[in-house]
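Peer 1: Just passing along the structure, written as structure tokens.
The values are calculated or read from the model by the stated rules, or taken from the named source; none is laboratory data. Model, not experiment: these values are computed from the prediction. Using ideal geometry, Cβ is built from the backbone for each residue, glycine included, and neighbour counts are taken over all protein chains shown. Surface accessibility is based on the protein's heavy atoms, side chains included, excluding ligands, DNA and RNA. Shrake-Rupley method; radii C 1.70, N 1.55, O 1.52, S 1.80 Å.
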Amino acid sequence: MSLAADRNEPWDWEISNRSSWRNWPVKELWAYRYLLFRFIRRDFLINYQQTLLGPLWVVLQPLFTLVVYVMVFSRWIGIDTGASPPVLFFLCGILLWGLFSDLFTGTAFIFTHYSSLYTKVYFPRLIIPFSVAGTHLLRFCIQFVLLVAVLAFYAVFRDFNFSWNFWLLVLPLSILLTALFALALGLIFCILTARYRDLGNIVHLGVRLFMFVTPVIYPISSLPSGIRWIVHINPLSALFEVFRYALLGQGIFSMWQLLYSAVFIIITFFIALIWFNKQAIRLIDIA
């Protein structure tokens, strides 16, 4: 009995070592969507296995960071958070920045961390970075519930004036654009770190430095007008200000700055996708 495949038999897709700038594996990604969901579930659970507190670390980590930020930047350094309570102001910045930094660093090393998986079985290479993004978005959603709880506490017991406004509708967009920018940069740097391992040190250092040109621990209104343009070049700045304005009613941004951030991030993401699709097949043996 011959097991040879019939050349005239139709197939859904063909696996080969050829790559193209126009290769968009949308059909494959949809076919492997259940694998994507399994990776998200696995990555979320494996981070908290064999730990004392388990998934509680999802909310404990930003809370511990919040205590440090309030003590250092509010009490000791004296950063003015305006009309917003320091706890709410810093918690907004911590959660949104945590989404960006964790998603970026999580995808910037996928070819080194998942090299054994990539070389043993075939699946669309974008499944791994998308699963990392899904995992961190899931963590952010849980942490956002913590933010809502703290916000409700201040509104009820500390007389914080929370008001519903139009920008609450833009809030999900600011979160998704932040995640999209982190994913785009991660797709670019995962190619670079696979070829040049020493760039991993630059990635970690760059994230720390990038935080200081992003309004995480300070409002843009506290900066001298002569240097605000440096922060406004950063496409994340307007997103952080919108995020705070929607929840706290405090932030400086314009529609042009939001449009710049959205266009810049979307273009960067498509460039990253094109480059990843072109280079991913070649990097399997290198990684």
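Peer 1: From the list Ala246, Ala194, Ala179, which residue is under 18 Å from the mean Cα position of the chain (by Cα) and either modelled with pLDDT of 85 or more or farther than 27 Å from Ser74 by Cα (or both)?
Peer 2: Result of the check over Ala246, Ala194, Ala179: Ala179.
Peer 1: Report whether or not Val58 is aliphatic (A, V, I, L, M), in contact with an Asp or Glu (Cβ under 8 Å, 6 or more places away or on another chain) and under 30 Å from Phe276 (Cβ atoms).
Peer 2: No; evaluated as a whole, the condition is false for this residue.
Peer 1: Still on this structure: Does Leu52 count as under 30 Å from Phe276 (Cβ atoms), aliphatic (A, V, I, L, M) and either modelled with pLDDT of 65 or more or assigned to a helix (DSSP H, G or I) (or both)?
Peer 2: Judged against the criteria, Leu52 is not a match.
Peer 1: Can you list the helices (runs of 4 or more DSSP H) found entirely within the range 167-280 that contain at least 1 residues being under 22 Å from His136 (Cα atoms) and open to solvent by less than 10 Å² (accessible area, probe 1.4 Å)?
Peer 2: 171-195, 199-210, 235-248
Peer 1: Related question: I need every pair where a residue in the range 56-77 that is closer than 11 Å to Phe90 by Cβ has its Cβ under 7 Å from the Cβ of a residue that is surrounded by 15 or more Cβ atoms within 10 Å (Cβ to Cβ) and among the small types (Gly, Ala, Ser), sequence separation at least 6 or different chains.
Peer 2: Pro62/Gly98
Peer 1: Considering only residues of the range 140-176 that are within 20 Å of the chain's Cα centre (by Cα) and among the aromatic types (Phe, Trp, Tyr), which is farthest from Val203 (Cα to Cα)?
Peer 2: Filtering first and then ranking leaves Phe144.
Peer 1: All but one of (1) free of Cβ contacts under 8 Å to residues at least 40 places away in the same chain; (2) under 30 Å from Ala194 (Cα atoms); (3) open to solvent by less than 20 Å² (accessible area, probe 1.4 Å) hold for His113, so report the exception by its number.
Peer 2: (3)
Peer 1: Could you give me the residue pairs with C-beta distances under 6 Å whose first residue belongs to the range 117-142 and is within 17 Å of Trp30 (Cβ to Cβ), whose second residue is acidic (Asp, Glu) and open to solvent by less than 40 Å² (accessible area, probe 1.4 Å) wherever it lies, and which are 6+ apart or on separate chains?
Peer 2: Pro124/Glu28
Peer 1: Of the residues that sit in the range 103-159 and are part of a helix (DSSP H, G or I) and touching a Ser or Thr at 6+ places or on another chain (Cβ under 6 Å), which one is nearest to Arg41 (Cα to Cα)?
Peer 2: Top of the filtered list is Val132.
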